[in-house]
Amino acid sequence: MILRDTQLEIAQLLDEFPAVAVLGPRQVGKTTLAQDIAASVSPDPIYLDLESPSNLAKLQEPEAYFDLHQGQLIILDEIQRVPELFAVLRGVIDRRRRQGFKTGQFLILGSASLDLLKQASESLAGRIAYKELPGLTAAEIIAQTTSDQSRLWLRGGFPDSFLAKTDIASLRWRLNFISTYLERDVPQFGPRIPATTLRSLWTMLAHNQGTQLNMAQVGAALGVSIPTTKRYIDLLDDLLLTRTLRPWSGNIGKRLVKVPKVYIRDSGITHALLNLTTLDDLLGHPVAGASWEGFVIENLLTCLPSGVTPWFYRTSAGAEIDLVIERNRQQLYAIEIKRSFTPSISKGFYSGCDDIGATGRFVVYPGSERYPIAKDVTAIPLVEMMQELRAVR
């Protein structure tokens, strides 16, 4: 695996901003990444795990502690445990600016939540840069074979899950991860949510990966109201466990669908919720196509430069594009996702491309060769499509 690009990007942000926040779900590798960055920084950084009572005790007088270590990078892990620190950091950063210390002061790690982002944006506006850390991606695997990519798809991008010795050990890790989140982590982010209810919702999302959810039906199945259902899904989104993909909304005179799609971000979590242990289990399950679509979308979205917006496109007449990448209304990439090694294109994809005036038209498939599949449409492997998106300007 290779995480150098992310490490270099964060190091660059530390050269430009007083504080950098690295956000992502638990166990995705934030602490390991921070330790790798710390090893290259001089003088030695200070690392504080805010879930540790002994580390937390050092911050009874946070301004005094930060002043004591002025000139050192301070790493604050699990910052969402102590959100009141954001207001303190603002004062410390502003005071140091007047003393000539402008960048590279704090590296903040957190299991992302809407509350965390609000606290940071309100207290540290103009003083902080954000970096979302996803799981391992297809571009980070040392070997690039179909087998390696399939293993990543099956097990997902959490490092401990992907690197497990066997598929059974990987599944066991993911099931434990799910239980820990439901029983310990989710309750700290809002009103008490019954673990059984949230697990049922998570499992329903797995069965309906990438679909446009009928909130009324989901709420009825859970025995909760539509607003409560939406709140639960918003919470999973805030924790970077699910993704809500919005429909494209350009004014083209078509009747566009308005209901977003919901994906579980990590394919391995999707498969664990459905008790799919092996690749054979997965390929024989009805979710295989939708799971592959979600896996590809998550990999592609890790490559988007700032200012680039992802959408999907669908009209009531049947025109449909799995993923639309838009930059300034001038560059529009239409991306279809197929699990087949011999992908074919539907009429709805062509119609959608014509509707939006797509400037690039691609079909991402599991193969290893790039080739023209039809006029103006290119079949392309996942990693090559990721490279293509990195070059979008």
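Please treat every number below as a calculation from the coordinates, not as lab data. Every value quoted in this text rests on a predicted model; they were computed, and no experiment measured them. Cβ atoms come from the backbone with ideal geometry, glycine included; neighbour counts cover every protein chain shown.
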Expressed in nm², what is the orientationally averaged projection area of the convex hull enclosing the Cα positions of the range 4-132?
7.1 nm²
At 7 Å along the Cα-to-beta-carbon direction for both residue 98 and residue 70, put a label point, then send me their distance in nm to one decimal.
1.1 nm
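Scan the chain and hand back the longest stretch that contains none of the GluC sites (Glu not before Pro) lying in DSSP loops with at most 13 other Cβ atoms within 10 Å.
85-368
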Largest first and in whole Å, what are the equivalent-ellipsoid semi-axes of the chain based on the Cα gyration tensor, each being the root of 5 times an eigenvalue?
37, 24, 22
Which links in 258/347; 258/338; 261/347; 165/230; 131/347 stretch past 28 Å when you go from one Cα to the other?
165/230; 131/347
Cα→Cβ-extended label distance, 7 Å offset, between residue 214 and residue 369, nm
4.4 nm
Does anything in the range 205-246 have its amide N under 18 Å from the 7 Å Cα→Cβ label point of residue 258, and if so which residues?
212-217, 226-227, 230, 245-246
Within the chain, longest stretch clear of exposed chymotrypsin sites (Phe, Trp or Tyr not before Pro) (DSSP loop, no more than 15 other Cβ within 10 Å)
102-340
By the gyration tensor of its Cα atoms, with a ≥ b ≥ c the square roots of the eigenvalues, what is the shape of the range 195-279: rounded for a/c under 1.5, prolate for a/b over b/c, or oblate?
oblate
Compute a Gaussian network model of the chain, connecting alpha carbons closer than 10 Å, and tell me which residue from 75, 345, 325 fluctuates the most.
345
Could you work out the relative contact order of the chain? I mean the mean sequence separation of Cα pairs under 8 Å and 6+ apart, divided by the number of residues, in percent.
13 percent
Calculate, for residue 249 and residue 16, the FRET efficiency according to 1/(1 + (r/R0)^6) with r their C-beta to C-beta distance and R0 25 Å; round to the nearest 0.05.
0.15
Near residue 276, within a Cβ-to-Cβ distance under 12 Å, what is the net charge of the other residues, with Lys and Arg +1 and Asp and Glu -1?
-1
Ratio of Rg to Rh over the range 1-65 (Cα coordinates, Kirkwood Rh, two decimals)
0.99
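Run lengths n ≥ 4 of DSSP H only: what is the helix-derived mean residue ellipticity at 222 nm for the chain, with -39500 (n - 2.57) per run over all residues, to the nearest 500?
Dividing the helical sum by the residues of the chain leaves -12000 deg cm²/dmol.
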Once the range 301-393 is represented by equal point scatterers at the alpha-carbon sites, with solvent omitted, what log10 I(q)/I(0) does the Debye formula produce at q = 0.14, 0.19, 0.22 Å⁻¹?
-0.46, -0.86, -1.14
Based on the Cβ-Cβ distance of residue 42 and residue 317, what FRET efficiency does E = 1/(1 + (r/R0)^6) give at R0 = 41 Å, to the nearest 0.05?
0.10
